[in-house]
Amino acid sequence: MHGARSIVRFAFTIGMFFTLAGCCESEEKTPQAAPAGGQTSAAPKEVYTIGMSQCNLGEPWRVQMNKDVELAAEKHPNLEVVFKDAQNDTLKQRAHVEEFVSAGVDLLIISPKEAQPLTEPVAKAFQAGIPVIVLDRAVLGDQFTCFIGADNTKIGRAAGEWIAEQLGGAGRVVELKGLMTSIPGQDRHSGFREGIEGTDIEVIFEADMKWLESNARKEMESALARYDDIDMVYAHNDPGAHGAYLAAKAADRHEDIMFVGIDALPHEGIAYVIQDILDATFQYPTGGAEAIDVALRIFAGEEVPKHIVLGSRLFTKDNVADGGVAIE
Amino acid sequence: MTDSPDKTAAPALTVQMNPMLRFVASPAGRALIALALVILLGVIFHADGAFFKIGTHRDALRQASVFGILACGMTLVIITGGIDLAVGSVLALAAVVFATFTIHWGWTAWLAVPLVVLLGASCGAISGSLTAWFRIQPFIATLAMMVFARGLAKIASGGMKVSTAVPNDDGTYSYIPVPGVFRLIDSRVGDVLESWCGAFSEYLLSRIGGWFGDGLAWVFDAVEWIYVNCGIAFVCANVSVVTVIFLFCVALAWLLLARHRWGRQLYAIGGNEEAARLSGVPVRRAKIMAYAAAGLLAGVAGICQAAQEQQGDPEAGMAYELSAIAIVVIGGTNLMGGRGGIGLTLIGTLTIGYLEKVLSINAVPEASRLMLTGVIIVLAVLTQKRRR
C-alpha cells in the first residue's frame, strides 16, 4: 500500500518535472501571422517567418547570437523570428527542426549541437523546400542553403602572431585552454601554436580550464606560484583571461603580465578591455546579423554563397572605442 | 603492571599501545592519514618548490573554502541519512541574485547578504519540507530543487552573467565599478584588519584629545607593534577572508552538531528515524532545519563565489554538489547517516583542496587529473572502510 503510494508520488513528481521543463522551453515569440503552408517563397510575402533553432542558451555567446539575430530582424518589420532552445539536447533540437518544418516556416536558421544526428533532419527541411542557414557548427553533406561560421584556427593564429609581436618574439606565456575535447578548444590551441611557431615564445604552463572563470583563476594561481616571471596569459575565452587577471591581481603581479582572451562579447571581453583588465581580445563573431542579411537575400531571390567564413576583429585599449580592427 | 604474571602481559601491552592505535583507527585518525598522504604527495611533487611557497597554501585554502562551506551543510544533511543535490544550483542562484542586488541595483551589503542567505535557506527548507512532509526521497526532492534553482538562476539573470557591464535598453553597455563588498570578501584578512583598525583608531584619536588621547595613541602603537612583530601580521596577510568565512561556518556547524540538542537529534534521525520519532525527537522539524541549513550555507558559498568571480554566473557551481559529497565521505561521515562530524569534513575539505592544488601546480593534464582524483578518492575511502 505504502509502496503504491510512493510510486504514485514519484510518477507525479516526474510528471511535474516534465511539465516544468516544457514551460521553460523557450518560445520567445509566437508568430502573429500564421504561416501559409510549406510553399517556397518565390513571390514576395508580407511577413516571412524564420525559425531559429539554438542548440543551447547556457552559454553567453549563444545568448548573444540569438540577440544579434533578434536585433537584426527587428530592423525589418516583415520578418518574424521564432526562437527555440534545445538546451544542449540533440534529440530535442531535432524535434525543433521537425516542428519548424511542419509549421511551415519560410526559412530555418540552425546552430546545430552536433553534425551527424542533425544532418538528416536539416536535409529533410531543405528538401521540403525550406531554405536552411547553418550557423557556427556545420552539418555533414551539402543539403543546406548556406553555412556561416568563423574560423577558430585563424583566430588562434592571429592571437599567437599578435602575442609574438607584442613580446618582441621572445617571452614566457601561460596558456589557459578551453575544453580540449571540444573543437573550438583544439582549434584555438593549434592555431595559437602555429602563430608562435619559429619565435622564441615559450609556453611555460598550460592547463585546461574548461571555459570556466573559476577554474582559470585556480590554474593561474598555480602558474603564479610556480613561475616568478610570466609575460603573457593567453586564454581561450575572455572569462578565462579575466579569471587569470584576478589571480594575478590578488598576487599583486597584474601590472607585469599581459592578458589576452577570445570572443569579445560586449559585456565580457570588450568590457574587460575598456576597464583595462585585458590587453586584447579577439572577436569570435556569432554570425547572427549576417544570417538575417543572408535570409533577406534569399527572400529577394538572390543567389547566396554556400560557405561564408566570418572575419574576426581585434580589440585593444587603443582601438576599442572605434570598434576594433578587422583581421584579414 | 610490571610484575604482572604472563597472563596479563598481553593486555598490558595493548593498554600501552592503545592511545596511538585508537587514534589511528578512529575516523579522525584515518582522515588525517589521507590528508597526510596528499600533503606528502605535494612534498614529493613540489613543482620546483612551488608547494613550499606560502602563497600556494593560501590559495589552496581559499579555493577549497567554497567547497568546504557547501560540505558543512552537506554533512548536516548526510548525518540525517539524507542527501542534498541542490547545493550547487542554490549556490548559482545566490551568486546571481547577490550580484544583481549589489552590482545592478546598488544595494548595500547589509541588506543584500541577509536576503541572499535567507533565499538559500528557503530553497533548502522547501526541499526539506518535501522530504519531511511529503516523504519524497531526499534524492528526488533535492534533484527537483537542483533543476528548479538552476532554472530560476537563469531566469533571474536572463541567461547572462551578471557582471559590472550593465546592459542599457538600446543594446549598449555601461560599466560600473566592482562593489566594495566583493573586494572585501575577496581580500586578505590583514588588509581588512589594517584598514578597519586604522580608520577606527584615527577616528577615535580625532575625537579624543588631551592626556587621555595621548595614552590611547600609545596603546594603539603598542597594539600595532605586537601585531607587526609577533607574526600576527604575517598570518593575517596570508589568510583570505573567504577562508575565515569557511572556518566560521565550520565552527558554527560544529557547535550546533556536537553541542546543541538539534545536533543530537540529527544523529538520532540518521541512526534510526523511527526510533528517534518514538523517543520524542521532532523528526520533521529537525530534518527541515538540516536542509535549510544546507541551503543557507549554499547561499553563503554563492556570495563567496560571486565575490571571487566579480560576477554572478548562472552556470556556476555545476557539479559542486558531487565535490561536496566526496569531501564529506572522504572525511569519514557515513553516507547511511548517524555517524560522522564537522571536524571530519574539515579534514576532508583540506584533503580534496590540497589534492587539487598538487595536481594543478604540477600542470597535470585534465584527463590524468580526473583519473588520479578517482583513484585517490577510492583509496581515501578505503582507509575509512574498516570500522571498529
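For A:T316 and B:F23, what is the calculated FRET efficiency with R₀ set at 51 Å and r taken between the beta-carbons, to the nearest 0.05? Spell out each step's value before the answer.
Working: r = 60 Å, r/R0 = 1.17.
The pair A:T316/B:F23 has a calculated efficiency of 0.30.
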- Item | For the range A:207-214, Karplus couplings with θ = phi - 60° (6.51, -1.76, 1.60), whole Hz, Gly/Pro x | 8, 8, 9, 6, 6, 9, 4, 5
- Note on the structure: Other residues with Cβ under 11 Å from the Cβ of A:I110 give, with Lys and Arg +1 and Asp and Glu -1, a net charge of +3
- Query: Using a basic spin-label model with each label point 7 Å from the Cα along Cα→Cβ, how many nm lie between B:M371 and A:A289?
  - Reply: 4.7 nm
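Hey, could you grab the Kirkwood Rh for chain B? Inverse mean 1/r over distinct alpha carbon pairs, Å, one decimal.
Working: mean 1/r = 0.0433 Å⁻¹.
When all Cα pairs of chain B are included, the Kirkwood radius is 23.1 Å.
With a cut-off of 8 Å between alpha carbons and a minimum separation of six or more residues, what is the relative contact order of chain A in percent? List each step's numbers first, then the result.
On the way: 657 pairs, mean separation 49.2, N = 328.
This gives 15 percent for chain A.
Taking a ≥ b ≥ c as the square roots of the eigenvalues of the Cα gyration tensor of the range B:189-229, is the shape rounded (a/c under 1.5), prolate (a/b larger than b/c) or oblate? Please report the intermediate quantities before stating the final value.
Numbers: a/c = 5.26, a/b = 1.52, b/c = 3.46.
Note, shape of the range B:189-229 comes out oblate.
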- In degrees, nearest 10, the alpha-carbon axis of helix A:60-74 is tilted away from the dominant principal axis of the alpha carbons of chain A by 50 degrees
- Query: So who's got an amide H within less than 5 Å of the one on A:F147, skipping anything under 5 residues away but keeping other chains? H placed 1.01 Å off N, in plane.
  - Reply: A:V134, A:H307, A:I308
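Grab the beta carbon distance between B:L379 and A:Y227, set R0 = 25 Å, and tell me the FRET efficiency rounded to 0.05.
0.20
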- Label model pair B:V235, A:E99: point-to-point distance (7 angstrom along the Cα→beta-carbon line) in nm is 6.0 nm
- Query: Which of the peptides B:254-266, B:75-87, B:236-248 is most tightly packed, and how do the rest follow, going by the mean number of other Cβ atoms within 10 Å of each residue?
  - Reply: B:75-87, B:236-248, B:254-266
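Local charge sum around B:G73 (other residues, Cβ-Cβ under 14 Å, Lys/Arg +1, Asp/Glu -1)?
It works out to a net charge of -1.
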- Query: Under a 5 Å amide H to amide H cut-off, with H placed in plane at 1.01 Å, what residues pair with A:G171 once short-range neighbours are removed?
  - Reply: A:I201, A:E202
- Message: Under 5 Å between amide hydrogens, which residues at least 5 positions from A:D208 or on another chain qualify, with H placed 1.01 Å from N in the peptide plane?
- Response: A:K177, B:E366
- Item | Additional length obtainable on full extension of the chain from B:S122 to B:L216, 0.36 nm per residue less Cα span | 29.2 nm
- Task: Pick out, in residue order, every one of the trypsin sites (Lys or Arg not before Pro) in the range A:36-135 that is DSSP loop and has at most 14 other C-beta atoms within 10 Å; say none if there are none.
- Result: A:K75
- Length-normalised contact order for the range B:144-293 - Cα pairs under 8 Å, 6+ apart - percent: 17 percent
- Task: Provide the FRET efficiency to the nearest 0.05 for the B:W196-A:Q275 pair, computing r from the beta carbons and using R0 = 25 Å.
- Result: 0.40
- Note on the structure: For the pair A:K75 and A:Q143, the simple spin-label estimate (label points 7 Å beyond Cα toward Cβ) gives in nm 3.4 nm
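Out of the DSSP beta bridges found with both residues in the protein assembly as shown, what percent are antiparallel (nearest 5)? Present the calculation step by step, with values, prior to reporting the outcome.
Numbers: 11 of 52 bridges.
Beta bridges within the protein assembly as shown, antiparallel portion: roughly 20 percent.
Which of the DSSP-defined H helices in chain B satisfy a minimum axial length of 20 Å, computed from C-alpha atoms, and a minimum mean Kyte-Doolittle hydropathy of 1.6? Spell out each step's value before the answer.
Numbers: long enough: B:6-25 (27 Å, 0.32); B:27-44 (26 Å, 2.29); B:54-79 (35 Å, 1.07); B:109-132 (33 Å, 1.70); B:138-157 (28 Å, 1.36); B:189-207 (27 Å, 0.34); B:210-229 (28 Å, 0.54); B:283-309 (39 Å, 0.73); B:342-361 (28 Å, 1.42); B:366-385 (28 Å, 1.22).
Result, helices passing both filters: B:27-44, B:109-132.
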- Relative contact order [Cα under 8 Å, 6+ residues apart], chain B, whole percent: 37 percent
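Above 40 Å lies some portion of the pair distances; for the protein assembly as shown, what is it as a whole percent of all C-alpha pairs?
Numbers: 105958 of 255970 pairs.
So the portion of pairs separated by more than 40 Å is 41 percent.
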- Message: Using 10 Å bins from zero, what percent of all Cα-Cα pairs in the range B:188-339 falls into each bin?
- Response: 9, 24, 23, 20, 14, 8, 1
- Add +1 for every Lys or Arg and -1 for every Asp or Glu among the other residues with Cβ under 11 Å from the Cβ of B:S127, and state the total. 0
- Note, ³J(HN,Hα) from phi for the range A:138-154, Karplus 6.51, -1.76, 1.60, rounded to Hz, x at Gly and Pro: 8, 10, 7, x, 10, 8, 7, 8, 7, 10, 10, x, 9, 10, 5, 4, 4
- Rounded Å value of the spacing that divides the Cα centres of the range B:238-272 and the range A:123-166: 53 Å
- Item | Dipole of the protein assembly as shown, positive end: most advanced residue of B:I330, A:G240, A:A207 [Cβ charges, Cα centre] | B:I330
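No value in this document is a laboratory result; all are computed from the given coordinates. Remember, predicted model here, so these are calculated numbers, not experimental data. All Cβ positions, glycine included, derive from the backbone under ideal geometry; neighbour counts span all protein chains shown.
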